[in-house]
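Undergrad: Below are the structure tokens for one structure; questions will follow.
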Amino acid sequence: MDAFYASVEQRDHPQYQGKPLAVGGSRERGVVAAASYEARQFGVYSAMSSRLAYQKCPHIIFVRPRFDVYKAVSQQIREIFHEYTDLVEPLSLDEAYLDVTQNKVGMPSATIIAREIKQKIFDTTQLTASAGISVNKFLAKVASDLDKPNGLTLISPEEAADFVAKLPIKKFHGIGKVTAKKMQQLGIYTGADLRRWDKTKLVRQFGKVGNYYFNIAQGIDQRRVNPHRIRKSVSTESTFDHDLANLEEMEAALHQLAEELMRRMEKTKSVGQTITLKVKYDNFQQITRSKTLAYPINTLDLVVRLSQELIRGCDFSEHKVRLLGLGISNLDGTKGAGAQLTLEF
């Protein structure tokens, strides 16, 4: 979907149409969850601090997110997907992979299917979507971002090798800003540059993920569309109205986060063995601390106690805290039972 949260707000509030709009945050605090295309023209993007967004665009409109509405619209869109295939793998409320190799409408053209789906989404929700069509997940994902908003891009099997060779490394799906910078320092600026590296060298430089980089440099991605993705973690976080300066405030905030986390765990019927604390300081530096237990983390008291242990191990001598988050992972399994305590830095 195109600027999904912001587009829903502009659809439901005509006074916002054609204006720079940010969902989430305020002039003083918070983080932008989504930005309209009008706001993006001023350099405002999701995950940006709302204070910086206001500096870039002083006339930007901040609105509170309405996740219940976004979820309802997302469900409408998924119902359209399932008219064509049951092989639908949602990535988030506004994005999904579809495998239409064998489809319910007996149509031999993925491009025609994508065009029909886009039209049905617009007719149903009055919102636009962009589609990428290709022979695997990696290429389809990259294609979907090439012509936004309301785009439709096909990368055919014959075009794949040349397309990947010319693609800037910073536009590779699965290669983030930090990794892209490291690659550029190694002289890797395009897919063609990446293709010159053999698998052994990439694994030596980047670890196991080097295997993935080697394959996508060739345009190869063997991942299937999985309609039954297993949830790997459950988490919650909060950006505060004022920076927290003392441990007592932080522990009180963590207690509230622990309560919300347990509600989400119960809703998803999940049990996990690893708890992770996320801390973002007032200078936007971010750290995480984790513990893995040999038994399930399944009570509020245990989550509170573990989160307090983790927060007490952090350094707050130089910076206050603007955000705290808690998450539980290693879900629903006994794998790792008896494992040692792990600290992830």
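The values are calculated or read from the model by the stated rules, or taken from the named source; none is laboratory data. Because the structure is a prediction, the values reported are computed rather than measured. Cβ: placed from backbone, ideal geometry, glycine included. Neighbour counts: every protein chain shown.
Undergrad: Return the only residue of Ala140, Ala160 being closer than 25 Å to Glu95 by Cα, surrounded by 15 or more Cβ atoms within 10 Å (Cβ to Cβ) and more than 25 Å from the chain's Cα centre (by Cα).
TA: Among Ala140, Ala160, only Ala160 is closer than 25 Å to Glu95 by Cα, surrounded by 15 or more Cβ atoms within 10 Å (Cβ to Cβ) and more than 25 Å from the chain's Cα centre (by Cα).
Undergrad: Restricting attention to region 312-345, and to residues there that are touching a Ser or Thr at 6+ places or on another chain (Cβ under 8 Å) and at pLDDT 85 or above, which single residue is nearest to Glu237 (Cα to Cα)?
TA: In this case the residue turns out to be Gly325.
Undergrad: Another question, if that's okay. Count, please, the residues in region 232-284 that happen to be in a helix (DSSP H, G or I), farther than 27 Å from Ser317 by Cβ and either touching a residue at least 60 places away in the same chain (Cβ under 8 Å) or in contact with a strand residue (DSSP E or B) (Cβ under 7 Å, 6 or more places away or on another chain) (or both).
TA: 5
Undergrad: Pick from region 216-231 the residues that are touching a strand residue (DSSP E or B) at 6+ places or on another chain (Cβ under 9 Å) and not basic (Lys, Arg): which of them is nearest to Asn298 (Cα to Cα)?
TA: Ile230
Undergrad: Suppose the filter is surrounded by fewer than 15 Cβ atoms within 10 Å (Cβ to Cβ) and within 18 Å of the chain's Cα centre (by Cα); does Ala47 pass it?
TA: Here the answer is yes, as Ala47 does meet what is asked.
Undergrad: Residues in region 28-51 that are at pLDDT 90 or above, assigned to a helix (DSSP H, G or I) and not acidic (Asp, Glu): how many?
TA: So the count comes out to 3.
Undergrad: Any idea which of Glu309, Glu249 is over 30 Å from Lys141 (Cα atoms) and at pLDDT below 90?
TA: After applying the criteria, what remains is Glu249.
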